[in-house]
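Everything below concerns the one structure shown next.
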Amino acid sequence: MGRILLYVVLIAAVSLVAVWVAEQPGDVRLIWRGYLLESSVSMLFVLVMACAVLLAFAYQVLNFVLSSPRLIQTTRRNRLRANAYRSLTRGMVAVAAGDVKAAKRAVRGTEDFLSGSPLHLLLTAQAAQLEGNELLARESFRAMLTDPESEFLGLRGLLVQSLRKGDKKTALALARRAFEINPRAEWVLTNLIDLETVAGNWPDAEQSVIAAQRANGIKPEDARRRRAVLLYQRAQIALDQGDEKAARDLAKRSANLKADFVPAVVLASKLLASAGRLTRARKLIARAWQSTPHPELSSALVEISEPLNEFSRIKILEPLMSLKPGNMEGHLALASASLDASLWGAAREHLGEAAKGIPDQRLYRLMARLEEGENQNDAAARQCLLKASRAPSEPVWKCRECGEIANNWVIQCHSCEGVDSFEWGRGTNGPNQGATDELLFAPPFKGT
């Protein structure tokens, strides 16, 4: 609308000028090389305008002729660009769909215009990985390192390849470089924490956890857990080196960060007790028991308390029941202590309470001891042991990634190399899982 209005105004202005010139009196005479040319002012004006139009037209024709090679080249470049980006789009779709042939065809389609660009290198690397050509993929990722805009992406590709090969040293170097470029990227922080941990760089790993928490790349609960794990590892190293004070301080920090991290609580309580701080050690165990009743906690409590006899052991363990009434672990610990003290009635009572949960092999073995000790009934004891062989196994430290079982908690699984993957739980399930044998806690057998 604005252009139309402008054209109307211009035409009106030209018309007014033409009318004004036509109305002006006078003529024009031009003498050139003996010739006399006469014309009116209006005719001269028309001739001048016609010459101007012809000159403008000639200029446009000449300009078109001179610039046509450049126009042809630009048009061809635009067509190549459009085809290359179309091939790039198709290539990304092919990679996502797992179509190797289409992905390789798309790579060839981008070579004319995008060759050497980060997008071309990325598509080439992904197509090569899809085909299984890790060498070509690695070369493409390395080529991306030369461009600051694509270096970060190239580092990620090389990091993934290094982890697949199990080359943790190279992966750590790549993760550190990626952290320098973008310290807030979640994948960088996650991999850096694990790699520093696997390498045994506990202080560096803890700083990576703190950086990840500040960048909101890790949940606060997960950050506390990982820091507790790293501090526990540092405490173990300090203890191995004979620095008991440093080990005690590190273990306490670990237990304070994660009150239910049993290995740290057990280590801290033992070190505190050896330093004469038995009350503090017991409080540490009691706090952990409230959140996570664990047999290692009850064993540690007995160990640091140094009971004089089996009856003293029962007195030491009884406060745990008030912290977590009805818990199976507490009843099993007291049942074992009662059996050692030959308190058959108390043992049977605790075993009966423990059976309200999911009876496992420990419970049946303790019941076998009860039948053998109280009634000298070997047949009943064998029956209990037979039930134990069919019952769910007792809880163990088990890797949640591969199912590997360990006697003690370790920071890395030796089988799948998972970091902090061991959890306390049942190892294997027997055929009677979840079923409570009603005959197990019938009145005691009478001797024959």
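Side notes on the structure shown:
- Tallying residues that are surrounded by fewer than 15 Cβ atoms within 10 Å (Cβ to Cβ) and either assigned to a helix (DSSP H, G or I) or of a type outside the set (S, T, N, Q) (or both) within segment 107-133 yields 6.
- Lone unmet requirement of (1) surrounded by 19 or more Cβ atoms within 10 Å (Cβ to Cβ); (2) at pLDDT 90 or above for P359: (2)
- For D222, the conditions (1) more than 17 Å from W202 (Cα to Cα); (2) of a type outside the set (A, V, I, L, M); (3) surrounded by fewer than 21 Cβ atoms within 10 Å (Cβ to Cβ) all hold with the exception of (1).
- Scan of segment 219-257 for residues that are among the charged types (D, E, K, R) and not in a helix (DSSP H, G or I), ordered by number: K219, D243
- Scanning segment 318-347 for residues that are in contact with a helix residue (DSSP H, G or I) (Cβ under 6 Å, 6 or more places away or on another chain) and either more than 23 Å from E303 (Cα to Cα) or among the aromatic types (F, W, Y) (or both) returns a single hit, W344.
- When segment 211-234 is limited to residues that are out of contact with any Ser or Thr (no Cβ under 8 Å at 6 or more places or on another chain) and of a type in the set (A, V, I, L, M), the one that is nearest to N256 (Cα to Cα) turns out to be A223.
- Tally, over segment 300-345, of residues that are of a type in the set (G, A, S) and without any contact (Cβ under 8 Å) to a residue 12 or more places away in the chain: 3
- Residue in segment 407-414 that is loosely packed, with under 14 Cβ neighbours inside 10 Å and farther than 24 Å from L297 by Cα present: yes
- Hits in segment 325-339 - residues which are buried (at least 16 other Cβ atoms within 10 Å of the Cβ) and not polar (S, T, N, Q): M328, E329, G330, H331, L332, A333, L334, A335, A337, L339
- Scan of segment 292-320 for residues that are in a helix (DSSP H, G or I) and charged (D, E, K, R), ordered by number: E296, E303, E310, R313, K315, E318
Table: residues versus (1) under 22 Å from L122 (Cα atoms); (2) surrounded by fewer than 19 Cβ atoms within 10 Å (Cβ to Cβ); (3) of a type in the set (V, I, T).
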| position | (1), (2), (3) |
| --- | --- |
| S140 | yes, no, no |
| L145 | yes, yes, no |
| A178 | yes, no, no |
| W187 | yes, yes, no |
| L195 | no, no, no |
| G200 | no, yes, no |
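- Taking every residue in segment 97-125 that is aliphatic (A, V, I, L, M) and pairing it with any residue that is not in a helix (DSSP H, G or I), at least 6 positions away or on another chain, the pairs with Cβ-Cβ distances below 7 Å are L121/S150.
- Here A103 fulfils each of the conditions (1) closer than 25 Å to T146 by Cβ; (2) modelled with pLDDT under 75; (3) small (G, A, S) apart from (2).
- When residues of segment 258-291 are limited to those that are surrounded by fewer than 21 Cβ atoms within 10 Å (Cβ to Cβ), charged (D, E, K, R) and outside any helix (DSSP H, G or I), the one modelled with the lowest pLDDT: D260
- Which listed residue, of A273, A247, A228, A205, is in the same structural domain as E180 (by TED's automatic domain parsing) and touching a residue at least 24 places away in the same chain (Cβ under 8 Å): A205
- Within segment 349-378, the set of residues being of a type in the set (G, A, S), in contact (Cβ under 8 Å) with a residue 24 or more places away in the chain and part of a helix (DSSP H, G or I) comprises G352, A354, G373.
- Failed condition for Y35, given (1) surrounded by 10 or more Cβ atoms within 10 Å (Cβ to Cβ); (2) of a type in the set (F, W, Y); (3) more than 30 Å from R108 (Cβ to Cβ): (1)
The values are calculated or read from the model by the stated rules, or taken from the named source; none is laboratory data. All of these numbers come straight from a predicted model, not from anything done at the bench. Cβ sites come from the backbone with ideal geometry, for glycine too, and all protein chains shown count toward neighbours.
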